[in-house]
């Protein structure tokens, strides 16, 4: 029995990684209405920047994560300002293709800057070790990820639901024309929202480095995961993404234990089922 | 006269050129031309969905892989090329029929996401079903079996001979697709693309027609995959990964989405550009990505669409290049 509880905890940790990955994607889609294929690539950039600051330059862990998020947010600003801004009115295939083009560019830039090696970081000192839960050792770092995931969820909820800025963003997402008529600087708001989305991706990537090696193929693996989570939660639905992350995390964790053959397969089944039965996501409503 | 100069002469020249490739070119140009022809078939099928029906599939690699794996499995058992190819195509068509039935209920981004998840299901199946697919090792030693036509048996084990087989099949597939796009079916699909609501109002069963397009695209992807297995003699799971689905998408975008010749020219350019860049630098993706971004931002008609637009700015090409979506989808 205890093993099931323990596996649930592992699944929750997994879920928080997925949540950090998917939150930015679904926010960008909800506000900008563009599904950003390069979100996984931004996650990967976050991982590489953090590795550079933390492992190579030897900076403090927190500082590294923060600097990495700041760098990727700046890159996000460039992407929104110079590329995305020109495609909002285009048909869907062209929007997807542009962000896919960005994936190709970022992938090669990463190879040029960091090479093709798999890079891993050490778990920071104060988060090493493990606690004994359900008769098994549970890494402190996993507890830390659980806390960060919940913290980010609360932060996003407060930001969008309780602040004046969040209100303006929701207004811009609701109607670009109406908001700009009322004097809201919509282009600037969109840039800021995309910077936030990019920074969230980077935080996810930065926090994953002690657990998962960074490699040039990381972005392509992550973007599909992010799609699964956001689609299950409903594209653009932030709360849905949180629920979707927990569902996929649990599903992966338990299927790894019970039927490892289908561990890769099942998340796609869940994604397809949601799309066929409730395309607007499990939480419903657009 | 105009027709002969504009269409028959270029086609005759291209065919003449293609027939002589194995004669003046070495093994590698021949191999590369086969690659281009396979991508032509793959991308033409894909564009029936995107350019003609308005549906962007991100799972075409799944059908490509079904074609490749089934033809490889058959060829490993029975040394008959025709059986392998036909088996691969039919299997891909069958899978496309089932998955298409579910997919065409959705449109826009939801359709793209569903096809992506179906494609990745096939990928994880291929990856994990080791007993049948060989897992990450794939299937190796696929024979380039002889082509048995009633009484004659043509040996295709030499790539130069296999080239002519692929050429004949590709020309037939291109011609067939041209007829499809000009048939009532093709015109109906374009009507659905321009406005599904209006098409439904005049009594067109929209979903059924989208399914036709989906299955034809699946058959073409399967055909390309089925011909790949004997060419490479190996099939690996990479052919089913979504990254591989991007190849026909990129080729089609480069050539032009709303022109019949778009995917054909695009396939030539895609493989040609890649071949040239790879010789100069190992970083070909950044160039390809840059090309895609420039095309999306400035030349959405692709190479063919843009050139046609320059040549004669008559109404049709101008509309094809700068087509705006109908309101009230």
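What follows is calculated from the coordinates using simple rules that are stated; it is not laboratory data. This structure is a prediction, so every number in the text was calculated from the model and none was measured. Backbone-built Cβ (ideal geometry, glycine too); neighbour counts: all protein chains shown.
Could you state the angle between the C-alpha long axis of helix A:164-174 and the longest principal axis of the C-alpha atoms of chain A, as a value from 0 to 90 degrees rounded to the nearest 10?
70 degrees
Could you tell me the relative contact order of the range A:19-216? Use alpha-carbon pairs under 8 Å, at least six residues apart, and round to a whole percent. Mind showing how you got there, number by number?
Values: 251 pairs, mean separation 91.4, N = 198.
So the answer I get is 46 percent.
What's the angle, to the nearest 10 degrees (0 to 90), between helix A:2-32's Cα axis and the longest principal axis of chain A?
Computed tilt is about 10 degrees.
Report the residues of the range B:256-283 in range of a label on residue B:311: point 7 Å along Cα→C-beta, backbone N strictly under 18 Å from it.
Once the point is set 7 Å along Cα→Cβ of residue B:311, B:256-269 turn out to lie under 18 Å by backbone N, inside the range B:256-283.
With each label point set 7 Å from Cα along the Cα-Cβ vector, what nm distance links residue B:179 and residue A:81?
5.6 nm
Going by alpha carbons, how many degrees (0 to 90, nearest 10) lie between the helix axis of A:92-114 and the longest principal axis of chain A?
Compared with the principal axis, the helix lies near 50 degrees.
Taking the beta-carbon count within 10 Å as an exposure proxy, list B:287, A:19, A:164, A:62 from fewest neighbours to most. Kindly include the intermediate steps, with their values, before the conclusion.
Working: B:287 19, A:19 29, A:164 7, A:62 10.
Fewest-to-most Cβ neighbours within 10 Å comes out as A:164, A:62, B:287, A:19.
Using only alpha carbon pairs under 8 Å that are at least six residues apart, calculate the relative contact order of chain B and give it in whole percent.
28 percent
In deg cm²/dmol, rounded to 500, what helix-only [θ] at 222 nm does chain A give when every DSSP H run of at least 4 residues adds -39500 (n - 2.57) and the total is split over its residues?
Working: 11 runs with 202 residues, N = 286.
Value at 222 nm, helices only: -24000 deg cm²/dmol.
Less than 18 Å from a label point 7 Å out along the Cα-to-Cβ axis of residue A:59: which backbone N atoms in the range A:198-212 qualify, by residue?
A:198-210
Under a point spin-label approximation (7 Å from Cα along Cα-to-Cβ), what is the residue A:2-residue B:6 distance to one decimal in nm?
8.1 nm
How far, in nm, would the chain grow between residue B:233 and residue B:83 when pulled straight, counting 0.36 nm per residue and subtracting the alpha carbon separation?
Numbers: separation 150, 0.36 × 150 = 54.00 nm, distance 1.60 nm.
Here the segment from residue B:233 to residue B:83 would lengthen by 52.4 nm.
Rounded, prolate or oblate: which fits the range A:1-115, taking a ≥ b ≥ c as square roots of the Cα gyration tensor eigenvalues, rounded meaning a/c under 1.5, else prolate when a/b beats b/c? Working shown, then result.
Details: a/c = 2.27, a/b = 1.30, b/c = 1.75.
Because a/c hits 1.5 or more and a/b fails to exceed b/c, the range A:1-115 counts as oblate.
Most exposed first by the Cβ proxy, i.e. fewest other Cβ within 10 Å, how do B:282, A:177, A:280 rank? If you can, show how the numbers build up before the last one.
Values: B:282 12, A:177 8, A:280 16.
By the 10 Å Cβ count, ascending: A:177, B:282, A:280.
I need to check one value: relative contact order of the range B:152-270, counting alpha carbon pairs closer than 8 Å and at least 6 residues apart, in percent. Show your work: numbers first, answer last.
Working: 59 pairs, mean separation 15.8, N = 119.
Rounded, it is 13 percent for the range B:152-270.
With each run of n ≥ 4 DSSP H residues scored as -39500 (n - 2.57), what mean residue ellipticity at 222 nm is computed for chain B after dividing by its residue count and rounding to the nearest 500 deg cm²/dmol?
Numbers: 15 runs with 236 residues, N = 329.
-23500 deg cm²/dmol, from helical runs alone.
Could you work out which residue, out of A:89, A:14, A:225, moves most in a Gaussian network model of chain A, that is, has the largest mean-square fluctuation with Cα springs under 10 Å?
A:89
Arranged by the count of other C-beta atoms within 10 angstrom, fewest first, what order do B:241, A:39 take? Don't skip to the end; give the middle numbers.
Values: B:241 22, A:39 31.
Ordered from fewest to most neighbouring Cβ atoms within 10 Å, B:241, A:39 come out as B:241, A:39.
Classify the range A:49-119 from the C-alpha gyration tensor, please: rounded if a/c falls under 1.5, else prolate or oblate depending on whether a/b exceeds b/c. List each step's numbers first, then the result.
Working: a/c = 3.92, a/b = 1.89, b/c = 2.07.
Cα axes put the range A:49-119 in the oblate bin.
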